[in-house]
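Participant: Encoded as structure tokens, here's the structure I'll be asking about.
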């Protein structure tokens with residue numbers, strides 16, 4: 001129970017700030033006036049932002065032999081420091097550096113949390129255990145959005161305390177978020193490093209040994225990685241371009257769809273995480289090779305027709321298809337995380353989870369929006385944005401389906417060896 005509460009808290013606070021759309025908007029505004037530019041420039045700006053901030057995720061591929069509890073606490077302090085520096089950044093360069101610190105801390109702690117969670121739970125329970133972390137993450141994003149909006153409005157409408165009086169409202173909001181984050185970190189001090197499970201070589205194995213273990217599993221990790229990258233590309237393209245599609249093809253204003261689109265993405269993300277965790281645990285109990293990935297294969301297959309959401313004849317139809325696609329993406333993401341903790345030895349988990357998060361994020365956020373704009377241009381220009389988005393979504397979703405099927409066929413047996421206590 002203690003471990004469950006601690007992981008719930010960790011998942012809640014680790015993304016408390018970094019993914020908040022209101023704070024990203026301030027970052028965008030500092031770099032350039034995005035909303036006054038065309039769709040091609042918008043995709044380049046969005047991709048460029050995430051390539052810069054997403055580059056920090058590469059630091060998460062650190063080897064999994066360190067004390068992960070101390071690492072998590074250190075990363076948590078790093079994102080808190082980054083949030084505070086955001087408030088006092090004197091230039092765009094400092095602002096970029098501060099946001100990168102937030103990104104390093106939040107995403108790195110997610111990798112460490114998943115690795116820790118795997119050792120706190122038996123393999124048969126890891127789907128539900130990972131579910132707790134992902135639900136905490138989703139709740140943290142929602143809470144960060146709501147709290148940031150409330151604080152920003154409060155500081156805009158009323159005078160800030162004396163020690164914040166000289167700061168703009170968005171800067172004062174970051175100061176308060178940093179203080180709240182620091183308080184929320186206190187429960188992490190109760191967390192203790194668990195005994196490592198399913199170790200094949202050694203937690204301190206040299207890199208050449210780790211590299212050899214990875215290479216021996218390339219036939220499985222290659223398609224698994226390709227499938228997850230394709231899913232991220234489809235999800236990112238949908239997230240970036242759903243607003244222009246609703247505005248141009250359905251004549252809606254942002255204030256008419258911002259609320260329900262956000263709620264839809266959050267709700268389906270939570271539902272997908274629940275289904276993903278349950279399907280991973282159920283799949284492990286089957287006698288089928290790679291059964292743990294069955295949920296990802298099914299979700300990827302369902303995601304192919306759902307990627308046609310921009311072509312739906314009504315807003316309601318678009319919402320249903322978009323929700324299904326978002327839910328399927330959440331399912332595959334959680335199933336892949338669970339599969340890495342069950343099918344790989346302990347010394348490879350942090351490396352693989354971090355690499356999956358880093359490279360999939362870089363390719364998805366940096367490339368997917370740009371591809372849609374290029375396809376739209378080849379099909380006739382901005383008027384074909386919906387068709388281009390649907391075409392790209394169907395292609396990458398189909399690729400993910402076939403990649404997950406191949407990974408399932410090539411899945412290794414679960415690692416059962418346990419490192420004895422010293």
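Participant: Within region 376-399, is there a residue that is modelled with pLDDT under 85, touching a helix residue (DSSP H, G or I) at 6+ places or on another chain (Cβ under 8 Å) and surrounded by fewer than 24 Cβ atoms within 10 Å (Cβ to Cβ)?
Facilitator: yes
Participant: For the structure I just gave you, tell me whether residue 73 is assigned to a helix (DSSP H, G or I) and modelled with pLDDT of 85 or more.
Facilitator: Yes, satisfied.
Participant: Next question, about the same structure. What pairs come up if the first residue lies in region 95-124 and is farther than 29 Å from residue 197 by Cα, the second is outside any helix (DSSP H, G or I) and at pLDDT below 80, and their beta carbons are under 7 Å apart, counting only those six or more places apart or on different chains?
Facilitator: Taking only residues 6 or more apart or on different chains, the pairs are 102/17; 102/18.
Participant: Mind listing whichever residues of region 251-267 are surrounded by 15 or more Cβ atoms within 10 Å (Cβ to Cβ) and in a helix (DSSP H, G or I)?
Facilitator: Within region 251-267, 257, 261, 264, 265, 266, 267 meet the criteria.
Participant: Does residue 123 meet the test of being over 18 Å from the mean Cα position of the chain (by Cα) and modelled with pLDDT of 75 or more?
Facilitator: So residue 123 fits the description; yes.
Participant: Further question: Quick check, is residue 196 within 26 Å of residue 91 (Cβ to Cβ), at pLDDT below 85 and within 27 Å of the chain's Cα centre (by Cα)?
Facilitator: Spelling it out, it is not the case that residue 196 is within 26 Å of residue 91 (Cβ to Cβ), at pLDDT below 85 and within 27 Å of the chain's Cα centre (by Cα).
Participant: Okay, next question. Would you point out which residue out of 147, 143, 116 is at pLDDT 80 or above, outside the structural domain of residue 364 (by TED's automatic domain parsing) and under 22 Å from the mean Cα position of the chain (by Cα)?
Facilitator: Result of the check over 147, 143, 116: 116.
Participant: What are the residues in region 322-340 that are farther than 23 Å from residue 222 by Cβ, buried (at least 24 other Cβ atoms within 10 Å of the Cβ) and without any contact (Cβ under 8 Å) to a residue 60 or more places away in the chain, if any?
Facilitator: Scanning region 322-340 gives a single hit, 327.
Participant: Any residue in region 88-105 that is in a helix (DSSP H, G or I) and closer than 24 Å to residue 281 by Cβ?
Facilitator: No: zero hits.
Participant: Condition first: closer than 19 Å to residue 338 by Cβ and under 21 Å from the mean Cα position of the chain (by Cα). Can you find one or more residues in region 235-257 that meet it?
Facilitator: Yes; the residues of region 235-257 include at least one that is closer than 19 Å to residue 338 by Cβ and under 21 Å from the mean Cα position of the chain (by Cα).
Participant: So which of 272, 303, 276, 295 ends up being surrounded by 20 or more Cβ atoms within 10 Å (Cβ to Cβ) and more than 17 Å from residue 323 (Cβ to Cβ)?
Facilitator: 295
Participant: Here's another thing I want to ask about it. When both residues are 6+ apart or on different chains and their Cβ atoms are under 6 Å apart, which pairs have a first residue that lies in region 228-256 and is farther than 19 Å from residue 331 by Cβ and in the same structural domain as residue 374 (by TED's automatic domain parsing), and a second that is at pLDDT below 90 and not in a helix (DSSP H, G or I)?
Facilitator: Going by the 6 Å Cβ cut-off, the qualifying pairs are 246/252.
The values are calculated or read from the model by the stated rules, or taken from the named source; none is laboratory data. Everything numeric here is computed off the predicted structure, so don't read it as measured data. Counting neighbours? That spans all protein chains shown, and the Cβs are built from the backbone with ideal geometry, glycine included.
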